[in-house]
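Everything on this sheet refers to the single structure shown next.
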Amino acid sequence: MSFWPFKFSENAVNKEELSSQILAMSEVISKLKKECESHQNRADRYWAQIQVLKKELAGDKSANFELVTNLPTSLRPIPYLIDQDDEYCRVIAKQEDSLTISYNREFDTSKGNYNWVNEGEALITLKYDNVGRYMGCPTTVKSTVSGIFERINNKLIKSGEEICRIKIIPLEKKEETIESLEREAIKLAVLQKERKKMIERETLDELIAEGKIFNVITLKDGNRMAIPSDVANAVWNRDGGCCCICGSRSELEFDHIIPVSKGGATTFRNLQLLCKYCNIRKSSRI
């Protein structure tokens, strides 16, 4: 509240109430001052740590690393273990407290290399999840092997849990490995495409059996082709909705008079209505 309203309405304001407000504001100001001092001391301490680390980088072995060990856990490099056998190289969390970590992948994850990792490259960056955005100390882990990054684990990771792993493959087998993975990916894509076609065929059969679709013909290779609605309607009306050979009105199908395999087009003049039995007997004959 501004000072001036009180200035012009002193008689209307209870002096005791005004005094209590001033006292409360004084307490808030005092508390803020203490917090500022605490933050300043903390900043000075971290600045001292930075100077110690700079001296160490410059080769000054006399630097006092007692200060570094006194850093809060969230500001120390995140500890981890490398567990390696003949098949995999695993990165395992090693923090000794209740803090949880997650990681970001650092290597090239473009489709072309299928998560290939070279030895000595930056692999992942570890970070604490339950500390302030600017208070953590990200730790970069470098790969000790070459191979394929297999595990994608973005959950919060506790001490002792596996963070990620690499399937160990010699560098000289990189091209062979990536080509093999490409082939598997292509196979999977083809299988998915064929599965989709099969489901579409089954669905069309169901719709045709239910009488909801009739302007579809089956080609020699098993694929289906839709006849334009205006053409289908014109042929249906011309043939009177019955088989052109036996006159049946059930299980009608569109037939190419000159088969598609022999150059016949899907046109009004080259289509006719046949029942399923007559269409099978006609087959690919003209």
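The values are calculated or read from the model by the stated rules, or taken from the named source; none is laboratory data. What you are looking at is a predicted structure, and each value in this text was computed from that prediction instead of being measured. Every residue, glycine as well, gets a Cβ built from its backbone with ideal geometry; the counts of neighbours run over all protein chains shown. Note: areas computed on protein heavy atoms with side chains; ligands, DNA, RNA excluded. Shrake-Rupley method; radii C 1.70, N 1.55, O 1.52, S 1.80 Å.
Can you tell me which of (1) over 30 Å from G241 (Cβ atoms); (2) at pLDDT 75 or above; (3) open to solvent by 100 Å² or more (accessible area, probe 1.4 Å) is the one I157 doesn't meet?
That leaves (3) as the condition not met.
So that you can scan it fast, the table gives a plain yes or no per residue for (1) open to solvent by 70 Å² or more (accessible area, probe 1.4 Å); (2) touching a residue at least 60 places away in the same chain (Cβ under 8 Å); (3) outside any loop (DSSP other than H, G, I, E, B):
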| residue | (1), (2), (3) |
| --- | --- |
| M225 | no, no, yes |
| D230 | yes, no, yes |
| A234 | no, no, yes |
| G247 | no, no, no |
| E253 | no, no, yes |
| S261 | yes, no, yes |
| T266 | no, no, no |
| C278 | no, no, yes |
| R281 | yes, no, yes |
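Counting just the residues of segment 101-136 that are at pLDDT 75 or above and part of a loop (DSSP other than H, G, I, E, B), which one comes out surrounded by the most Cβ atoms within 10 Å (Cβ to Cβ)?
Applying the filter and picking the extreme gives N115.
Within segment 185-194, is even one residue aliphatic (A, V, I, L, M), open to solvent by 100 Å² or more (accessible area, probe 1.4 Å) and without any contact (Cβ under 8 Å) to a residue 60 or more places away in the chain? Outline the logic, then answer.
Step one: of segment 185-194, the residues aliphatic (A, V, I, L, M) are 185-186, 188-191.
Checking which are open to solvent by 100 Å² or more (accessible area, probe 1.4 Å) leaves us with 186, 191.
Subset that is without any contact (Cβ under 8 Å) to a residue 60 or more places away in the chain: 186, 191.
Checking segment 185-194: at least one residue is aliphatic (A, V, I, L, M), open to solvent by 100 Å² or more (accessible area, probe 1.4 Å) and without any contact (Cβ under 8 Å) to a residue 60 or more places away in the chain.
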